[in-house]
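Novice: First the structure, which I've put down as structure tokens, then a few questions once you've had a look.
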Amino acid sequence: MTAQAGICAEPNLHAHYLLFDILPGHHAGVVDALAQVPALWQSLQQQYLDARFSGLVAIGHQAWDDLYPDARPSELCAFPAQQQGQRVAPETPFDLFFQLRADRLDVAYIAVQKVMALLAGKVELKDERQGFRYLDCRDMTGFVDGTENPQGEDRAGVALVAEGRFAGGSYVHVQRYRHKLARWEKLAIKTQEEVYGRTKADNIEYESAQKAPTAHTKRTSLKDAAGNSMEILRQSMPWGTANVQGLVFISCCNTPLHFTRMLESMYQPDEQGHFDHLTLFTQAETGAAFFAPAEDWLSSKGDL
Ligand code: HEM
């Protein structure tokens, strides 16, 4: 099974994100269009080798059964929405998610136009966002993002379903965060560092014993009952306009459980009342759960 390259791709300079709903009565047409996606990814990769293009299409949990009624990824379910007073991570379902990444903005844009042409008349564009590399892979809060991501072959081990009919696929969660930067920038650098549990300028991790129980890296470093690390592969990138900015957060994993546990740990207070203080400085505006099937699944229209 060939996984879509966008799942495990190394960081790029540019991204374009498209979120669609499928128009009533057009599901069969979308399955036909999606069957052409692997060839599209390949032609963009080969035509613009220097751009390191990678594509990814993922199917929303609500849309899956209408597109591929014969089989469903066993763990595909709704986005695990969170609500704790003002701190919310809502569910805003979408039928299709495209992540189009390249080191050239023009190539990412060509990919956008190709996807729009492929789906013309079958879908409604619900949201689009352009992502970009900020400095040395920093989030707009000024901290390097992605350091503890799995590296090399471990990326596939964490992100891809290993066996069965859905091998090579990935459970994908997408959230658009909008930062409260004015509030964040009022904090002393030391306090910002405590929010993450890492230093800002040189990106050094705090010793575990030195991390606050509310630190983002503390609350997202989780172990399962057997003591194994619950990992995800993050493919997030910053976005911004003149007035607002934030992060398109993207998690790819061979199970939706790890992201779900992490999000709960960020939002829900533990027995001591601790939660992730990063959630005081950024607001999730969208949240949706998808499955990104292997290319073989897409080209065979689910007939594997
Ligand atoms: C606006 C939202 C977010 C921002 C700005 C952000 C930023 C960061 C930064 C700067 C780091 C430290 C460096 C690194 O290892 O990447 C980090 C680590 C991490 N984040 Fe986030 N993050 C956000 C949301 C999330 C969410 C929603 C999850 C999962 C539900 C998550 C999971 C993780 C994990 C697993 C780590 C690595 C922890 C470790 O092993 O040290 N993050 N994040």
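Read-outs: derived from the displayed coordinates by stated rules, not from any lab. Keep in mind that what you see is a predicted model, and the values were worked out from it rather than measured. For neighbour counting, all protein chains shown are included, and Cβ atoms are generated from backbone atoms with ideal geometry for every residue, glycine included.
Novice: Among 286, 212, 174, whose Cα lies farthest out toward the positive end of the dipole of region 5-299, if unit charges sit on the beta carbon of Lys, Arg (+1) and Asp, Glu (-1)?
Specialist: Farthest towards the positive pole: 212.
Novice: Ranked from highest to lowest mean number of other Cβ atoms within 10 Å per residue, what is the order of the peptides 104-112, 45-53?
Specialist: Sorting 104-112, 45-53 by mean packing, highest first, produces 104-112, 45-53.
Novice: Among 274, 39, 24, pick out the residue whose Cα is farthest towards the positive end of the charge dipole of region 5-299, where Lys and Arg carry +1 and Asp and Glu carry -1 on C-beta, about the Cα centre.
Specialist: 274
Novice: Modelled label-to-label distance, residue 270 and residue 81, 7 Å Cα→beta-carbon offset: nm?
Specialist: 2.7
Novice: Hey, another quick one. Return a whole-number percent for the relative contact order of the chain, with Cα pairs under 8 Å and 6 or more residues apart as the contact set.
Specialist: 30
Novice: Another question, then. Choose one of 140, 54, 67: the residue whose Cα lies farthest towards the positive end of the charge dipole of the chain (beta-carbon charges +1 Lys, Arg; -1 Asp, Glu; about the Cα centre).
Specialist: The residue sitting farthest along the positive end of the dipole is 140.
Novice: Now, a different point. With +1 assigned to the C-beta of every Lys and Arg and -1 to the C-beta of every Asp and Glu, and no other charges, what is the dipole magnitude of the chain about the Cα centre in debye, to the nearest 20?
Specialist: 760
Novice: For the peptides 14-20, 262-268, what is the packing order when you average, over each peptide's residues, the other Cβ atoms within 10 Å and list the highest mean first?
Specialist: The peptides rank, most packed first, as 14-20, 262-268.
Novice: Now, a different point. Please list 3J(HN,Hα) in residue order for region 53-65, calculated via the Karplus relation 6.51 cos²θ - 1.76 cosθ + 1.60 where θ = phi - 60°; whole Hz, with x for glycine and proline.
Specialist: Karplus-based 3J(HN,Hα) across region 53-65 equals 5, 9, x, 8, 10, 10, 10, x, 5, 7, 8, 3, 5 Hz.
Novice: Find out how many positive minus negative residues lie around residue 178, taking Lys and Arg as positive, Asp and Glu as negative, among other residues whose Cβ is under 14 Å from that of residue 178.
Specialist: Values: positive: 87, 129, 176, 180, 183; negative: 127, 139, 285.
That sum, taken over residues with Cβ under 14 Å, equals +2.
Novice: Near residue 147, within a Cβ-to-Cβ distance under 13 Å, what is the net charge of the other residues, with Lys and Arg +1 and Asp and Glu -1?
Specialist: Residues near residue 147 contribute -2 overall.
Novice: Next up: If you find the alpha carbon centre of region 234-304 and of region 84-152, how far apart are they in angstrom?
Specialist: First find each Cα centre; the distance between them is then 11 Å.
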